[in-house]
Amino acid sequence: MQRWIVGIIVAAAAAAAVSAQTLYIPASANADGVNQTRWRTDLQVKAVGDAPASFTIELLKTGVDNSEPTTTEHTLAASESLRLGNVLETDFDYAGTAALRIIATDGGILATSRTYNDDPGGTYGQTVPAVIESEAFPFGRDATLIQLSRSPDPSAGFRTNIGFVNAVDSSTAIEVDVFESDGTHLGTLTRNLPPFGHRQINDVFHAVGADDVPDGYAIVGTTSEDGRFIAYASVVDNGSGDAIFILGGVEVASLPLDPRLVVFESFMRPG
Amino acid sequence: MLIIDQDVDAPLGGRLDRWFDSYNTPGTVYLPLVMVDSGEQIDSGDTSFTQVYGDMLDTALTRPAGARMAVEATRIGSVLQFDVSITNTSGETLSAANHATLTALVYEEPATANAIPLVVRTGTTAITTLADGDTGSTTFEATVTGLNPSTTRWVVIADYLPAGSTTAYDTLQAVEGP
């Protein structure tokens, strides 16, 4: 093959390669739920260090292709921490559920969120942490969700919802294997996530035909070679509606055997 | 993570070939040509460098290694001898059939802080048959005449042509030293 290599003036080419900081809030809501519950999400973002920061928030609506998401922009003074109450309403005028993608366009940021039932008698809910994009699970590495439960009594015990966020701009096929605590395989569910899509499977044990699972776990993977995803579980108390949020973790056995040295090679004309 | 440069007009160690193997398209290309994981990801020309290169590295850093590797380098006169022990965890047999290779890229520590080092010497050897899960060892060398031993650095890259890929190579693992 004949090669023609053309040099161009690239002042920035040798700059250290550092990506913009990208975080995901895997679940958020501005929606009415069962038993007259009203679910809201407050988002908190802080500029890190002594520098100001700017960031965008992208709304990744549940169940749809979010290749071109609605986006809002914010600026933080140095050391400022900003709370965006009911962020889906105030930033996006959106009613429903979604994930959020937060990109630091200048400076660095720290983020977290709380999704809660905005009950007049007092709120209750769950902290939903921000997940760094690089921690999204690639093909070949599974996310394990533990501390899951299901009670057949709708007024007692717990139920488990499992959700996913697609961290790439292409469809990602998700496979969920659900187990009892002793390792008994209860069933497999598959879902397809559109680009930057968000989905949730409610009452996941019921979805595989299980009725009473006091203690269980799930293993989530992708069958898409280019796929990357974030997985979480929300375990809800049937009696009170209170929930705990569980992020997918990595089992030691599925970690790379060695730390991986990545070599970035560039071919240029010196000078 | 290691960032290294090569002179595109005097490429060494077959690394530029890896880029073109991955590119696999006739016609003009624009500098800089960049790659991670031996061509598993490539890019070229003027682009949003920080974003594009950062995304390439972020992606590469999440990928599992395909081998465990230990390297001991010994300066013997004008050569740097590399003694390599490698355990194949790729799930495939490594051999000449998939062009499994060990390549040493030798460079000198830049005199200026934050400067990107330039590859000045290389050595290479083929990985003979190594089944998945097996461990093998080999020795090869690079000529390092004229290089200051106190500032000489190296990285040994194990790569191969994965099943299902017709042109793009992939890095199994890399080890740098000293």
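Side notes on the structure shown:
- Residue among A:H206, B:A158, A:T222 farthest towards the positive dipole end of the protein assembly as shown, charges placed on Cβ: B:A158
- Shape call, chain A: gyration tensor on alpha carbons, a/c limit 1.5: oblate
- Close amide H pairs (under 5 Å, H built 1.01 Å from N) link B:R121 with B:V106, residues at least 5 positions away or on another chain.
- In sequence order, calculated HN-Hα J values of segment B:91-96 (Karplus, 6.51, -1.76, 1.60; Hz; x Gly/Pro): x, 10, 6, 8, 6, 5
- Student exercise, segment B:76-178 dipole from Lys, Arg, Asp, Glu Cβ charges, in Debye to nearest 20: 260
- For the peptide B:154-165, the mean number of other protein chain Cβ atoms found within 10 angstrom of a residue's Cβ is 1.
- Sequence-separation-based contact order of segment A:17-134, relative, with Cα cut under 8 Å and 6+ spacing, percent: 41
- Taking the charge dipole of segment A:136-271 about its Cα centre, with +1 at Lys and Arg Cβ atoms and -1 at Asp and Glu Cβ atoms, the residue from A:V168, A:F179, A:L247 reaching farthest to the positive side is A:V168.
- Peptide packing for B:114-120, B:65-71, B:168-174 was compared via the average number of neighbouring C-beta atoms within 10 Å per residue; ordered from the highest value, the list is B:168-174, B:65-71, B:114-120.
- Each label was represented as a point 7 Å from its Cα along the Cα-to-Cβ direction; for B:S85 and A:D242 these points are 5.3 nm apart.
- Amide H contacts for A:V263 (H built 1.01 Å from N in the peptide plane; partners 5 or more residues away or on another chain; cut-off under 5 Å): B:L2, B:D37.
- Charged-residue dipole, Cβ positions (Lys, Arg, Asp, Glu), the protein assembly as shown about Cα centre, Debye nearest 20: 580
- Karplus 3J(HN,Hα) series, Hz, for segment A:94-100 with 6.51 cos²θ - 1.76 cosθ + 1.60 (x for Gly, Pro): 10, 10, x, 10, 6, 9, 10
- The three principal axes of the Cα atoms in segment B:15-177 give end-to-end lengths of 43, 42, 29 Å, sorted in falling order.
- Positive-end residue, segment B:86-178 charge dipole about Cα centroid, Cβ charges, pick of B:L172, B:G136, B:N148: B:N148
- ³J(HN,Hα), Karplus 6.51/-1.76/1.60, whole Hz, each residue of segment B:57-69, x for Gly, Pro: 5, 4, 5, 4, 5, 8, 7, x, 5, x, 6, 9, 8
- Segment A:166-238 versus segment B:152-173: alpha-carbon centroid distance in Å: 34
- Interchain or long-range residues, amide H under 5 Å from B:D134's placed H: B:N88
- Rounded to the nearest 20 debye, the dipole size of segment A:17-134 about its Cα centre is 300 debye, using +1 on the Cβ of Lys and Arg and -1 on the Cβ of Asp and Glu.
- Segment A:97-120 and segment B:14-39 have Cα centres lying 40 Å from one another.
- Cα gyration tensor category, rounded, prolate or oblate, for segment A:64-125 with a/c compared to 1.5: oblate
Bear in mind these aren't lab numbers, they're just calculated from the coordinates by the rules spelled out. Nothing here was measured: the structure is a model prediction, and the numbers come from that model. Methodologically, a virtual Cβ is constructed for each residue, glycine included, from the backbone with ideal geometry; neighbour enumeration extends over all protein chains shown.
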